[in-house]
Structures are given as structure tokens and as C-alpha cells.
Amino acid sequence: MFRESYTVKKKIINSILFIVMLLIGLLMIIPFVWTLSSSFKNNNEIFSYPIRWIPEVFRWSNYVEVSEKIPFLTYYLNTLKIALIVTLGQIVTASLAAYSFSKMQYPGRDKIFLCYLATLMVPWHAIMIPQFIVVKSLGLNDSHWSLILINLSAVFGVFLLRQFMLGIPEELSEAARIDGAGELMIYSKIIFPMCKPGLATLVVFTFNFMWNDYMAPMIYLTSDHLRTIQIGLASFRSQYGSEYGLIMAGTVCALIPMLVIFGIGQKYLVEGIAFSGLKG
């Protein structure tokens, strides 16, 4: 009797939690639905009240005008190029540094990591000007390499993967060392393949950051053919008004890569966050 009562109570609680989470999920989807709906409207329809979720006339021309008024495809490919290179670069640099801080033993390792981690507390705006001066002195200003090099290594990625690697049993590394394997072999053959959830989390976060970055491209890129999609969308805003229909159409197109990345990495994302100990 008690067991049946407990089972019924558990089902009721699970049902309530499911309904609550479903409602929260629907609330989070509303802004995306509004963006998609607005991409087929003109400015007057977008700000009409009450909101018309389905446009009276679908303005497919918004998507055409985006490509006509700015080199949208060029901006798109530029952003994709930078995001992919930086993401792949951080996988290599962050995983190597994380392996050093988690699996290798040397004097001052934890102190070095603590100092390295402390740089997270320094806001980017504090180093923005010195960083620009360094990049300009290297002759990399107004090139994609300026954005790639300043983001090729990130403290957050090292911290994320280090936390994950600390959860991998040390016995695996010790057994490999006894068999004569070097540190690079242990990293590439044992530790790295076991970090798929952590790596997937790093890929999602890094790609998302680079894809949506606006400030750095605005500072370092001046040539029109080098600009990114976020700067392109900002060009639809002027002193006298904004073309919101075109902004929404461009935004919908810009969301596609992120949806793909999240769809592919969703399986590992939650697991990676759980293992690394990250919380919102």
C-alpha cells in the first residue's frame, strides 16, 4: 500500500514538474517565434498592438533585400570562417593546457593555474586598448587574424576542460606511464578521447561567443569585405530609424548555424557542464 502511494505521489510530482518545465520552455521560445514572425513584416506591422503572430501578407522580399543592401553572404562566410578557426584552435590550446594543469606534476602548478584563472576577473574593456596597440604593432589590424589570434586561447576553456579532466581516474595515466607512454601519447590516446562532453561544451560556448561577437570586429575590422554578420546587421540601424524587418530577416538567417551547433552538441552539453561543475 505504501509503495503504491509513493509511486502515485511520484508520478503526480513528475507530471507537475513536466508541465512547469514545458511552460518555461514555451516562454523561452516566444522571442524566437516573434523574431521569425517579424522577419516577414514591415515596421508598422512589427510594432502593432495586439501582436499579430501570423502576418497578413508575408514579405518574403525582406530576405531578398538583406542580400541586396549589404554583402550578407560575404559577412556570413567571414563570421563562419572566424568562428570555426577559433573554435578548433581553442580545442587544441585549451585541452593541452588543461592536461598540463590536471595530469602533469611540476612545482607551482596549482599556483600558476590560480594566477591564470585570476585573469578571468579582469574585464575585457580594461585591456581593450593595450590589446589593440599590440595587434596594430604586429601589423595584423584590419585582418581576420587579429580576431583569431586574440581569441585562440581562452581561460574559460582551460578551466572547463581542466575540471572535466580532474574527474578522469589518475590510474589510467599512471598505467600508461608504466607502459612507457609519454605525456603527449597519454593526452592524445587516453585523456583527449574521454573528454567528448567537455569538448562539446567548449565548442558550443566558443562558437556562440565568436558568432555573436560585435565589439571586437567593430574595433579591428575596417574594410567592408572583412566585416562580420553582426556588424552587417547593425548597418540597418541609422540616426533616423531602423529597418527592423530586414534586421529580423538577417537575424533568422544568423540563427541557423547556432541551431545546428546546439542540435549536434545537445547530447553532450548537459553532461559536460555537470562533470565540469559549471553553474549559471
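The values are calculated or read from the model by the stated rules, or taken from the named source; none is laboratory data. The structure presented is a predicted model; accordingly, all values stated were derived computationally and were not measured. Please note: Cβ atoms are built from the backbone with ideal geometry, for glycine as well, and neighbour counts cover all protein chains shown. The protein model used for the area step is the full one, side chains on, heavy atoms only, and it has no ligands, DNA or RNA in it. Shrake-Rupley method; radii C 1.70, N 1.55, O 1.52, S 1.80 Å.
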- Net lengthening on full extension, Phe262/Leu114 (0.36 nm per residue, minus Cα-Cα): 50.2 nm
- Message: Can you tell me the length gained on complete extension of the stretch Leu36 to Ile129, counting 0.36 nm per residue apart and subtracting the Cα distance?
- Response: 29.7 nm
- Message: Which of rounded, prolate or oblate describes the chain when judged by the alpha-carbon gyration tensor and an a/c cut-off of 1.5?
- Response: oblate
- Message: Charges on Cβ only, +1 for Lys and Arg, -1 for Asp and Glu, centred on the Cα centroid of the chain; of Tyr63, Asn151, Pro31, which one is farthest towards the dipole's positive end?
- Response: Pro31
- Classified through the alpha carbon gyration tensor (a ≥ b ≥ c as square roots of its eigenvalues; rounded if a/c is under 1.5, else prolate when a/b is larger than b/c, else oblate), region 103-249 comes out prolate
- Task: Classify region 1-104 as rounded, prolate or oblate, taking a ≥ b ≥ c as the square roots of the eigenvalues of its Cα gyration tensor: rounded when a/c is under 1.5, otherwise prolate if a/b is larger than b/c and oblate if not.
- Result: oblate
- Item | chymotrypsin sites (Phe, Trp or Tyr not before Pro) lying in DSSP loop within region 23-112, provided at most 16 other Cβ fall within 10 Å | Phe47, Trp53, Phe58, Trp60
- The percentage of the accessible area of the chain (probe 1.4 Å, all protein chains present) made up of carbon and sulfur atoms, to the nearest whole number, is 70 percent
- Message: Between region 55-132 and region 159-176, what is the separation of their alpha carbon centroids in Å?
- Response: 25 Å
- Full extension from Phe58 to Phe156: what is 0.36 nm times the residue separation minus their Cα-Cα distance, to one decimal in nm? 31.0 nm
